[in-house]
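A short write-up of the structure that comes next.
The values are calculated or read from the model by the stated rules, or taken from the named source; none is laboratory data. Computed from a prediction, not measured in an experiment: that's the story for all the values here. Please note: Cβ atoms are built from the backbone with ideal geometry, for glycine as well, and neighbour counts cover all protein chains shown. Surface accessibility is based on the protein's heavy atoms, side chains included, excluding ligands, DNA and RNA. Shrake-Rupley method; radii C 1.70, N 1.55, O 1.52, S 1.80 Å.
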Amino acid sequence: MIPIRYSIVPARPEAHLYRVTCTVAEPDPAGQQFALPAWTPGSYMIREFARHVVSMCAESRSRSVRIEKLDKHTWRAAPVAGPLSVSCEVYAWDLSVRGAHLDATHAFFNGACVFLRVLGQEHTPCAIEFLRPYGARYRNWRVATSMPRRGAKPWGFGTYAAADYDELIDHPVEIGGFRLASIRAGGVPHDIAITGRHEADIRRLERDLKRLCEHHVRFFGNPAPMKRYLFLITAVGEGYGGLEHRASTALLCAREDLPRARDGLMSECYRNFLGLASHEYFHTWNVKRIKPAAFAPYDLDRENYTTLLWAFEGITSYYDDLALVRCGLIGAKDYLELLGRSITNYLRAPGRAKQSLAESSFDAWIKYYRQDENSPNATVSYYGKGSLVALCLDLLIRDKTRGKKSLDEVMRALWLHHGRAGVGVDEDGIERLAEEVTGLKLGRYFDEWLRSTKELPLKALLATHGVNMQLRPAESAQDKGGKPAASKSIGGLAMLGVRARVEHEDTAVTHVLEGGAAQAAGLAAGDVIVAVDGLRPGKTGLDALLARRHPGERVTIHAFRRDELMSFEVELARVEADTCVLAESAGANRLRERWLGRRSG
Ligand SMILES: [Zn+2]
């Protein structure tokens, strides 16, 4: 089969324009159709990448061919007998892990943003040529991608290959003057390419990522499913994100998140970075290979519905931090702090009483990925609640089988029966397999945890593993939970029942929480609070102003709604104890030690 030939050049970095060409040896005689995906796998939102195509033209044997648009992301060329080349200019100014970006400092893209899909030839192999932009300033640029080379030198421009279109768009590409590091883990070479200004301690990063990757490979069982793996890291002033692929991941982080030589201990931001790397690496198995039947294959033209994102994102979110404690990168106390924060996050969203986990997953396309001021009141996160359901499931199985079985075995069975075997998971597949592997009747739990909005039995299940769960009121807007209270004061935002951000000397309400004092008084998202009992909130926000107030007291709030000044009488509410603190109970607990991996791996 003659491969489809693509070429891409960062043609005009200063204008953020790539030139991409696609040449088809045997176009459809009725007129070849081309399309760009509406979304990119791993990021469940319709993004319509075709909107960034600035211009397009086609030719065959040096003669121009007419090309017309059929719908928002499909084109059709006039019938031709011989090879057909379509060339387009693509605008790229989205510095996120799921987009495409280009300026004079670097180029980054996901294939779904730039490579046309040749309809009817999705399974044809592809040959891709990466071309260096013209100009002396790009002389030192190199290419980092997990796409296999065909003629190009390591890290070089030149020709690469993909088995089909699906594979073509699963290898993000970074082009520029990145810094490189390398490790081996599970017998597989892993490279780390870091873009952006940073002072990272590369040796430490190599050492910690090696430990983490080896842990995950051992977890699912040798051999690792990929021949090579690449971490593409972009360090910026402020940013956070990751997108998983079968042989690589793109990570966006703050440069502060990377470890620095002078940091001896584990900083909170580096711990978060390792959690992100762990999450995306776990996806190499869970979602890139073990995947919902609804994603096999992906339909790139429209939404792909599944109720299983709780498992693919939630279980992955459960194991990302758990892996850090199991492989010794953080201690149990740190892990329980992270878990306490996750529980706090979950308890602070009133939407958990409205939306089930299965519904959250199914509606990811229009809700989780398109959040607004009402989201905390109406939705629950399939990441957050999903990870807590994974925790409950793991602890329940461990408790009921006296530590003989766990969620770990369920994941390994999913890998054997679905991931390695290449069989999509049916909507009820995880539930069936979990019962089969553990020998337990779990239907009632799945019904409650996935398909209802009943509260999760977190406290009772944690207690079976020697972990005490305590709840207390939030102390301030910065109080994320996970730690005991530092003072006796209660946060002003909590008493008001809002989320807000300080804007200059005022406080802008971003969310009004269901059933809270602010909602009862008539405050709304977008209101800018300019005074509480006649005093301006100032740079410290409402917490300082309300610090000495008590639930039940009344305050007068002045706020602008659009350009209208309004006055609200608010009765401060009794604050819910929604901030979670976890601690190991005294004495040894065999189940806890096994769960956290401190005995037997
Ligand atoms: Zn994920």
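Points to keep in mind about this one:
- The single condition from (1) surrounded by fewer than 16 Cβ atoms within 10 Å (Cβ to Cβ); (2) within 23 Å of Gly351 (Cβ to Cβ); (3) small (Gly, Ala, Ser) that Gly552 fails is (2).
- Flag for Lys454 being under 28 Å from the mean Cα position of the chain (by Cα) and of a type in the set (Lys, Arg): yes
- Residues in region 559-577 that are surrounded by fewer than 17 Cβ atoms within 10 Å (Cβ to Cβ) and outside any loop (DSSP other than H, G, I, E, B): Phe560, Arg561, Glu564, Leu565, Met566, Ser567, Glu569, Glu571.
- The one condition in (1) acidic (Asp, Glu); (2) more than 15 Å from Ala15 (Cα to Cα); (3) in contact with a Ser or Thr (Cβ under 8 Å, 6 or more places away or on another chain) that Glu89 fails to fulfil: (2)
- Restricted to region 322-370, and to residues there that are touching a Gly at 6+ places or on another chain (Cβ under 8 Å) and open to solvent by 30 Å² or more (accessible area, probe 1.4 Å), the residue that is nearest to Glu455 (Cα to Cα) is Pro350.
- Some residue of region 73-82 being more than 16 Å from the ligand (Cβ to nearest atom), modelled with pLDDT of 95 or more and open to solvent by 70 Å² or more (accessible area, probe 1.4 Å): yes
- Here Tyr382 qualifies as outside any helix (DSSP H, G or I) and open to solvent by less than 10 Å² (accessible area, probe 1.4 Å).
- Looking at region 162-246, the strands (runs of 3 or more DSSP E) lying wholly inside it that each contain 3 or more residues that are open to solvent by less than 50 Å² (accessible area, probe 1.4 Å), within 16 Å of the ligand (Cβ to nearest atom) and under 25 Å from Asn110 (Cβ atoms) sit at 241-244.
- Against the conditions (1) touching a Pro at 6+ places or on another chain (Cβ under 6 Å); (2) open to solvent by 20 Å² or more (accessible area, probe 1.4 Å), Leu493 satisfies every one except (1).
- Residues that are farther than 28 Å from Gly492 by Cα and open to solvent by 50 Å² or more (accessible area, probe 1.4 Å) within region 458-479 comprise Ala460, Ala463, listed in sequence order.
- Here the condition is being more than 14 Å from the ligand (Cβ to nearest atom) and not in a loop (DSSP other than H, G, I, E, B); of Ala294, Ala277, Ala250, it holds for Ala294 alone.
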